[in-house]
Amino acid sequence: MIHNLLHDFPILLLLLTLVIYVVSLYIYQRSNKNVLLLPVVSAIALVISALLVFDIEYGTYFESVEVIHFLLGTATVALAVPLRNNFHLIREHAFPLTISLSVMAIVTPVLSVFAAWILGSDIAVLLSLAPKSISTPFAIGVAEEIGAYPPLVAAIVIVTGAVVAVVSSSVFKVFSIDNPIAQGFSMGLVGHGIATATAFEMSVKTGAFSALAMGLMGLSTSTLLPYFVAWLV
Amino acid sequence: MKSPPTIVDTIKRAATLIYDASWMFDAADDVKPTSTMKFILYIPLFIVFQLIGNWLKVFWDLPIPGATIGMSLLLLLLFIIPSNKNLTASAQKLLLHLPLFFIPAGVGIMNYTDVLKQDSLALFASVFGATILCFISAALFTQRLLKSEDDADKICESKT
């Protein structure tokens, strides 16, 4: 019965997604912000289970919630605002931060792809790993351009951010990184939005530099990576 | 006796609201973003830039995502116009719900379970190993660069 209803009224799938999102936000709040229960992760898991239970194909689902996917692009555009607001931070340390950004924008995708390449992954998986350190909205856009698997990219990017968020404080201790600018900037460069949220919990300065790095990394990688892939393949 | 608002009144009020929240209105910097209406009105601005980006991408046949082009154009605009609290609040409201916008793309992972199984080792090595390695090198490299800049500044100061 429910299966037929969801098929006849695809708008119900949109409603279902919104309800699941609110529920996962609630679970995340109640679990004292446990990284394993990030709203993205639990919401995606719940939607997948619902689709499997009601036997609905992904294509049908995507068509009904395409308006939410459209808003992902809108949110990407909105990222210009925090980038503009944090831009003054780069002026004080323009030289080291620019060098760090340009080097890491090359090293991160190369190293990520290389690790999977020696273990013998095929080209589409390698391409899905290349944008793993940029914010998810950029990464999904890039994936669509370079012929990677967008859902795989989304999963990889989210896990990458969570890894950086979890290991950051121990890495800073072991390698004695005590400069908040270096801490924030590196977290944003490699761990995008999810690590930025953790950086804001360390201090406002760390968070601001992380947000700056995340914006710059997203902008530069999503502009240059498609050209690089087109030139390479 | 109070007459019900006419269509003209409604349009006038809507126009006032749009003008009130528009980026052209400098004094908006001093206005507290109290009304929800005000920051909802900026979302069309983001959508317009998104559409311009998508259109330019098709027009020039660029490989860059349309949203990135739209974002760069908005960034350029934001360097020209004065900063605005309502615009910032609007972007914050939208970005707060970023996880919701990932759901349609993320759910597609259900069709890639065989890739996940087949390449689990490579994915693990890249997502865990390479990420941690990159993170450590980024942190060390940035700290070293910042330190050498500080040292250079000190040398300059001591000379003058």
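The values are calculated or read from the model by the stated rules, or taken from the named source; none is laboratory data. This one's a predicted model, so the numbers in the text were calculated from it and none came from an experiment. Because the Cβ atoms are built from the backbone with ideal geometry, glycine has one as well, and the counts that use them run over all protein chains shown. Areas reflect the complete protein model, heavy atoms only, side chains present, ligands, DNA and RNA absent. Shrake-Rupley method; radii C 1.70, N 1.55, O 1.52, S 1.80 Å.
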- Item | Distance between modelled label sites at A:PHE95 and A:LYS173, nm, 7 Å Cα→Cβ extension | 3.5 nm
- Where Rh denotes the Kirkwood radius from the mean inverse Cα pair distance, what is Rg over Rh for the range B:61-103? 1.06
- Cα principal axis extents for chain A, largest first, Å: 62, 45, 34
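Place a +1 charge on the Cβ of each Lys and Arg in the protein assembly as shown and a -1 charge on the Cβ of each Asp and Glu, then give the dipole magnitude about the Cα centre in debye, rounded to the nearest 20.
Roughly 860 debye, rounded to the nearest 20.
Do any GluC sites (Glu not before Pro) in the range A:31-124 lie in a loop, going by DSSP, with at most 12 other beta-carbon atoms within 10 Å of their beta carbon, and if so which?
Those satisfying the criteria are A:GLU57.
Using a 1.4 angstrom probe, figure out how much accessible area the range A:119-233 has per residue, in square angstrom, rounded to the nearest whole.
Details: 3760 Å² over 115 residues.
Ligands and nucleic acids excluded, the result is 33 Å² per residue.
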- Message: What is the percent carbon and sulfur in the accessible area of the range B:32-125, measuring with a 1.4 Å probe over the protein chains and ignoring ligands?
- Response: 71 percent
- Note on the structure: Fraction of alpha-carbon pairs in the range A:125-189 farther than 13 Å apart, rounded to whole percent, equals 62 percent
- Query: Given a cut-off of 19 Å, what percent of all Cα-Cα pairs of the range A:35-89 lie beyond it?
  - Reply: 52 percent
- Could you look at the range A:1-133 and say what percent of its accessible area is carbon and sulfur, using a 1.4 Å probe and all protein chains? 71 percent
- Query: How far apart, in nm, are the 7 Å Cα→Cβ label points at A:LEU36 and B:LEU76?
  - Reply: 4.8 nm
- Item | Net charge of neighbours whose Cβ lies under 15 Å from the Cβ of A:HIS7, counting Lys and Arg as +1 and Asp and Glu as -1 | -4
- Query: Quick one: buried accessible area between A and B, total over both chains, 1.4 angstrom probe, nearest 100 Å²?
  - Reply: 7200 Å²
- Listed here are the pairs A:LYS132/B:LYS147; A:LYS205/B:LYS147; A:LYS33/B:LYS85; A:LYS33/A:LYS205; A:LYS205/B:LYS154; which of them are more than 26 Å apart at the Cα? A:LYS132/B:LYS147; A:LYS33/B:LYS85
- Message: Report the Rg/Rh value for the range B:73-148, based on alpha-carbon coordinates and the Kirkwood definition of Rh.
- Response: 1.16
- Message: Using only the Cα atoms of the range A:100-233, what semi-axes does the equivalent ellipsoid have when each is the square root of 5 times a gyration tensor eigenvalue? Give whole Å, largest first.
- Response: 26, 15, 13
- Query: Considering every Cα-Cα pair within the protein assembly as shown, what fraction, in whole percent, is farther apart than 36 Å?
  - Reply: 27 percent
- Query: How many Å² of accessible area per residue for the range B:66-146, probe 1.4 Å?
  - Reply: 41 Å²
- Percent of C-alpha pairs per 10 Å bin, the range A:37-170, short to long: 10, 30, 37, 18, 4, 1
- Which number comes out as Rg/Rh for the range A:1-114 once both Rg and the Kirkwood Rh are worked out on C-alpha atoms? 1.14
